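The values are calculated or read from the model by the stated rules, or taken from the named source; none is laboratory data. All of these numbers come straight from a predicted model, not from anything done at the bench. A quick note on method: Cβ atoms are made from the backbone with ideal geometry, for glycine too, and the neighbour counts reach across all protein chains shown. Heavy atoms of the whole protein, side chains included, go into the accessibility calculation; ligands, DNA and RNA do not. Shrake-Rupley method; radii C 1.70, N 1.55, O 1.52, S 1.80 Å.
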Amino acid sequence: MAISNTGSILDAPVEYLKGVGPQRGELLRKELEISTFEDLLYHYPYRYFDRTQVTKIRDIRPENEWVQLAGTLINIYEEGEGRKHRLVATLYDDTGKLELIWFQGAKWMKKSLQDQGKYIVFGRISFFNGVPNIAHPEIEPINSETSVAGMQPVYPTTEKLKARGISNRSFAKITQSLFEKVKPGDLPEVLPSDILSEYRLCSRYQAIRWIHFPDSNEHMEAARYRLKWEELFASQLMIARIRMQNTIQQGWKFEKVGEYFNEFYNKYLPFELTGAQKRVLKEIRHDVATGKQMNRLVQGDVGSGKTIVALMAMLLAMDNGFQACMMAPTEILAQQHYQGVKGFLEKMGIPVALLTGNVKGKDRKNILTGLADGSIPIAIGTHALIEEKVKFSNLGLAVIDEQHRFGVSQRASLWAKNERPPHVLVMTATPIPRTLAMTLYGDLDVSVIDELPPGRQEIKTIHRNEMRRANVMDSIRKEVDKGRQAYIVYPLIEESEKADYESLMAGYEQVKVFFPEDKYKIAMVHGKQEQELKQRNMERFVKGEANIMVATTVIEVGVNVPNATVMLIESAERFGLSQLHQLRGRVGRGGEQSYCVLLTGNKLSKESLQRMQIMTSTTNGFIIAEQDLAMRGPGDLYGTRQSGTLKFKLADIVQDAGILEQTRHAAQRLIEKDPGLTAPQHQGIRNILLQQSQQSKWSKIS
Ligand code: ADP
Ligand code: MG
């Protein structure tokens with residue numbers, strides 16, 4: 001995130017600061033990865049104790065509200081044994097009192113609190129027998145020192161650091177001594193001056209200083225605004241550069257539509273393509289014939305038929321003497337694609353390989369050899385496909401399906417797979433809200449499959465209390481007795497979570513009660529099964545041998561059984577909106593009316609209830625995606641967290657959509673004017689980008 005000139009004071013080890021020393025230095029390094037002055041500078045507070053913003057205890061109203069209080073602490077005592085052990089204290093002001101409770105770290109907390117001491121306290125209110133309390137509040141003594149500064153920073157820290165005496169207060173002192181050493185000249189401006197004035201941004205030094213020690217709310221806001229701006233600008237610049245590069249990047253030319261494509265189209269394509277599919281295919285064909293590298297995103301709701309489009313694009317690659325690969329985010333989905341694609345291509349005598357983390361030993365070696373010598377033209381797999389060791393003889397096209405986990409940088413790593421980068425086709429089932437698209441796919445051209453295959457009916461979605469399970473099961477049985485198939489899905493957020501696994505097993509037993517085994521066949525699939533068993537069970541359902549599939553979310557993407565018309569989702573409140581939508585997309589794939597039942601407990605949070613209402617009111621993936629983003633924030637949406645693409649220190653692409661727009665325009669204009677960022681006034685920002693790419697966030701892009 002930062003520029004550091006060698007020999008700069010910013011590189012000085014954090015130990016050199018007053019109040020740190022070797023031991024604390026070691027701890028800061030281990031716990032927070034802070035080892036230099038610079039690291040500490042960019043360790044921003046996440047809130048402030050603002051002594052002018054204090055609520056009176058009397059005015060505390062709703063449960064769950066975050067409040068800041070000030071008062072005197074009395075009655076500090078420990079109680080309870082073992083896991084119930086806790087520290088309790090009473091805080092009072094001139095209007096009332098409340099309890100503060102600590103379950104963890106009671107011992108050292110007790111040591112650090114002073115009876116009759118004056119404190120400022122921040123936390124979330126709950127009520128017990130009508131008495132308000134706060135568990136694990138943030139707490140800060142009020143004394144003459146703190147009262148000088150208006151706003152006291154609160155830093156992200158860890159229990160261990162607190163236990164070792166780096167309380168929030170001492171943290172603030174350390175940063176204070178940091179600013180005695182770091183001068184404005186050590187933090188030169190990186191944004192061009194015309195941008196600073198156009199968007200009214202404060203200077204870099206000012207911003208970093210104010211974010212730690214704001215002397216007013218306005219300055220704190222100004223600092224955060226400026227720093228968010230810089231973050232988003234850097235990422236938009238990177239995207240603008242990739243876009244620019246795309247327009248000049250030499251690509252492989254797929255000049256002809258040949259035998260493979262035509263044979264498939266005429267002999268094996270089992271249905272007529274929809275108008276939307278034809279249009280998108282045409283766009284792809286146009287792209288790959290230009291001599292430029294294609295970077296295209298295909299958006300289409302679940303069931304819109306993206307796979308076949310991808311397959312035909314791969315055949316086009318083969319027609320022109322190239323290999324193609326298709327990458328999926330999960331093992332199961334890769335398997336599914338593999339089965340599907342192989343089903344088609346085997347008839348045409350085309351070898352297809354499956355490459356995932358689970359393919360090992362000799363099999364793996366053979367595949368790697370086949371890809372390297374070109375004898376395997378088509379590979380399906382997970383991200384194992386883009387590992388350094390996997391060499392292709394002549395990769396011309398890479399399809400990334402259900403990509404949520406592949407950000408701009410991962411895509412860029414594909415580029416090195418051939419002398420010229422292969423064409424890239426990204427397929428996404430969840431339509432992507434605009435702000436997210438700008439950050440995640442800003443470098444791509446977009447095609448939309450906005451039409452479902454003919455004969456599909458809208459899925460009817462119902463929300464039911466789990467007390468009515470028997471009732472629901474009766475309705476499902478009626479469908480099954482008509483010859484349809486049903487999914488019953490259990491949450492399994494972490495494959496390793498024992499409780500989830502147990503509830504799946506209990507659920508399975510329960511399903512057997514409603515669907516006696518002498519009459520109904522039930523298949524079960526979950527992440528703990530051996531690959532082979534999983535596969536077999538899946539196949540039983542796919543082939544119609546099983547009436548019911550009891551499963552975890554492993555069926556979320558991929559599985560395609562048109563005869564399945566019912567989906568029951570257990571504990572639906574535990575799923576996110578996009579996930580529910582994805583799951584629901586497993587039904588409604590044939591011509592029959594399909595149903596989705598969301599079963600939940602009866603005590604739902606406001607958010608859960610809202611999610612259920614959204615699900616029952618629309619099947620439009622785009623609306624759902626927007627709502628999901630608004631409700632959850634981009635954080636772990638689409639699994640993008642690990643991709644790093646949306647990892648901003650301060651910016652939030654939903655809340656800061658306005659800044660995102662601004663930075664996008666500014667970045668585009670700048671790159672048009674100075675594509676290489678070689679002008680002297682662009683050195684600063686260029687350094688920032690360089691540093692980011694060194695941190696491999698944007699590797700392979702120079
Ligand atoms: P998704 O876009 O969710 O990946 P799939 O590619 O899995 O959708 O397609 C969903 C189902 O629709 C599959 O059974 C597929 O064979 C079928 N399908 C795709 N295109 C058509 C079409 N044009 N007409 C009829 N069925 C189609
Ligand atoms: Mg798909």
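Ratio of Rg to Rh for region 181-297, alpha carbon only, Kirkwood? Can you show the working numbers first?
Details: Rg = 25.2 Å, Rh = 19.0 Å.
Expressed as Rg/Rh, it is 1.33.
Hey, what's the per residue convex hull volume over the C-alpha atoms of region 246-293, in cubic angstrom?
On the way: hull volume 3.4 nm³, N = 48.
Cα-based convex hull of region 246-293, divided per residue, equals 72 Å³.
Return the inverse of the average 1/r over all pairs of distinct C-alpha atoms in region 415-505, which is the Kirkwood hydrodynamic radius, in Å to one decimal. Could you put the intermediate results ahead of the total?
Numbers: mean 1/r = 0.0532 Å⁻¹.
Over region 415-505, the inverse of the mean reciprocal pair distance is 18.8 Å.
Which loop-located trypsin sites (Lys or Arg not before Pro) does region 296-405 contain, where loop means any DSSP state but H, G, I, E or B and the Cβ has at most 12 other Cβ atoms within 10 Å? List each step's numbers first, then the result.
Details: sites: Arg296, Lys306, Lys342, Lys347, Lys360, Lys362, Arg364, Lys365, Lys389, Lys391, Arg405; in loops: Lys360, Lys389, Lys391, Arg405.
Answer in residue order: Lys360, Lys389.
Could you list log10 I(q)/I(0) for region 268-322 at q = 0.14, 0.23, 0.25 Å⁻¹, which the Debye formula gives when each Cα is one point scatterer?
With one equal scatterer per Cα and no solvent, log10 I(q)/I(0) is -0.38, -0.99, -1.13.
Using a 1.4 Å probe on the protein chains only, how many percent of the accessible area of the chain belongs to carbon and sulfur? Mind dumping the intermediate values first?
Working: 15300 of 31400 Å².
Carbon-and-sulfur percentage of accessible area, whole number: 49.
Taking N as the number of residues in region 250-346, what value does Rg over Cα atoms divided by 2.2 N^0.38 Å take? Numbers along the way, then the final one.
Numbers: Rg = 13.3 Å, N = 97, 2.2 N^0.38 = 12.5 Å.
Against the compact-globule rule of thumb, the ratio is 1.07.
Pairs Lys460/Lys482; Lys391/Lys534; Lys282/Lys306: which are spaced more than 19 Å apart, C-alpha to C-alpha? The partial results should precede the final answer.
Working: Lys460/Lys482 17 Å; Lys391/Lys534 30 Å; Lys282/Lys306 14 Å.
In this structure, Lys391/Lys534 lie more than 19 Å apart at Cα.
What are the equivalent ellipsoid semi-axes of region 310-362, built from the alpha-carbon gyration tensor (square roots of five times its eigenvalues), in whole angstrom, biggest first?
Numbers: eigenvalues 80, 29, 27 Å².
Result for region 310-362: semi-axes of 20, 12, 12 Å.
Report the far tail of the P(r) of region 356-479, meaning the percent of Cα-Cα pairs longer than 21 Å. It would help to have the intermediate numbers written out before the result.
Numbers: 4450 of 7626 pairs.
Here the tail beyond 21 Å accounts for 58 percent of pairs.
Restricting things to alpha carbons, find the Rg to Rh ratio for region 52-124 using the Kirkwood radius for Rh. Mind showing how you got there, number by number?
Values: Rg = 12.7 Å, Rh = 12.9 Å.
On the Cα set of region 52-124, Rg over Rh gives 0.98.
Can you work out the base-10 log of I(q)/I(0) for region 79-211 at q = 0.13, 0.16, 0.22 1/Å, using the Debye formula on its C-alpha atoms alone?
-0.72, -0.93, -1.42
Taking R0 as 35 Å, what FRET efficiency do you get between Thr52 and Phe622 from their Cβ-Cβ distance, rounded to the nearest 0.05? Write down the numbers at each step before the final one.
Values: r = 44 Å, r/R0 = 1.25.
So the FRET efficiency works out to roughly 0.20.
Among the GluC sites (Glu not before Pro) in region 409-474, which ones are in a DSSP loop with at most 13 other Cβ atoms within 10 Å of the Cβ? Mind listing them?
Details: sites: Glu419, Glu451, Glu458, Glu466; in loops: Glu419, Glu451, Glu458.
Hits after loop and neighbour filter: Glu419, Glu458.
Taking the mean number of other Cβ atoms within 10 Å as a proxy for protection, how do you rank 318-328, 508-518 from highest to lowest?
Details: 318-328: 23.3, 508-518: 12.6.
The peptides rank, most packed first, as 318-328, 508-518.
Can you list the residues, at least 5 places off or on another chain, whose amide H is less than 5 Å from the amide H of Ile34, using H built in the peptide plane?
Placed amide hydrogens put Arg29 under 5 Å from Ile34.
Need the list of lysines near Lys118 for cross-linking: C-alpha distance under 28 angstrom, and skip anything on the same chain fewer than eight residues off.
Result set, ordered by chain and number: Lys18, Lys56, Lys84, Lys97, Lys107, Lys110, Lys160, Lys162, Lys173.
Given region 452-549, what whole percent of its Cα pairs are spread farther than 23 Å?
Working: 1582 of 4753 pairs.
Percentage above 23 Å: 33.
Counting just the Cα atoms, what span does region 2-120 cover along each of its three principal axes? Round to the nearest Å and put the largest first.
Extents along the principal axes, in whole Å: 56, 37, 26.
Write down Rg/Rh for region 222-272, rounded to two decimals, with Rg from the C-alpha atoms and Rh from the Kirkwood relation over Cα pairs. Present the calculation step by step, with values, prior to reporting the outcome.
Working: Rg = 22.3 Å, Rh = 15.4 Å.
Checking Rg against Rh, the ratio lands at 1.45.
When DSSP assigns beta bridges and you keep just the ones with both residues in the chain, what percent turn out antiparallel, to the nearest 5?
Working: 34 of 88 bridges.
So the antiparallel bridges amount to about 40 percent of the total.
With a 1.4 Å probe and all protein chains kept in place, how much accessible area does Tyr260 have, in Å² rounded to the nearest 10?
Around 80 Å² of this residue is reachable by solvent.
With the convex hull built on the Cα atoms of region 504-604, state its orientation-averaged projected area in nm².
Numbers: hull surface 28.1 nm².
For region 504-604, averaging the hull's shadow over all directions gives 7.0 nm².
What number comes out for accessible area per residue over the chain if the probe is 1.4 Å? Units Å², please. Mind showing how you got there, number by number?
Numbers: 31400 Å² over 702 residues.
Value for the chain: 45 Å² per residue.
Do you know the relative contact order of the chain, to the nearest whole percent, from alpha carbon pairs under 8 angstrom that are 6+ apart?
Details: 1222 pairs, mean separation 90.4, N = 702.
Once divided by the residue count of the chain, the mean separation gives 13 percent.
Per the Kirkwood treatment, what hydrodynamic radius in Å, one decimal, follows for the chain from the mean inverse distance over all distinct Cα pairs? Don't skip to the answer; put the middle values down first.
On the way: mean 1/r = 0.0347 Å⁻¹.
That comes to 28.8 Å for the chain.
What is the packing order of peptides 480-489, 82-91, 277-286, taking the mean over residues of other C-beta atoms within 10 Å and listing the highest first? Don't skip to the end; give the middle numbers.
Details: 480-489: 19.9, 82-91: 15.2, 277-286: 17.8.
Per-residue mean Cβ counts within 10 Å order the peptides as 480-489, 277-286, 82-91.
Mind listing which trypsin sites (Lys or Arg not before Pro) in region 564-629 are in a DSSP loop and have 13 or fewer other Cβ atoms within 10 Å? Walk me through the numbers on the way to the answer.
Details: sites: Arg574, Arg584, Arg586, Arg589, Lys603, Lys606, Arg611; in loops: Arg586, Arg589, Lys603.
Listed in order of number, the matching sites are Lys603.
Tell me the relative contact order for region 1-113 as a rounded percent, counting alpha carbon contacts under 8 Å between residues six or more apart. Before the final figure, lay out the partial values.
Details: 127 pairs, mean separation 17.3, N = 113.
RCO, region 1-113: 15 percent.
For region 143-232, what is the Kirkwood estimate of the hydrodynamic radius, computed as the reciprocal of the mean inverse distance between distinct Cα atoms, to one decimal in Å?
Values: mean 1/r = 0.0689 Å⁻¹.
This gives a value of 14.5 Å.
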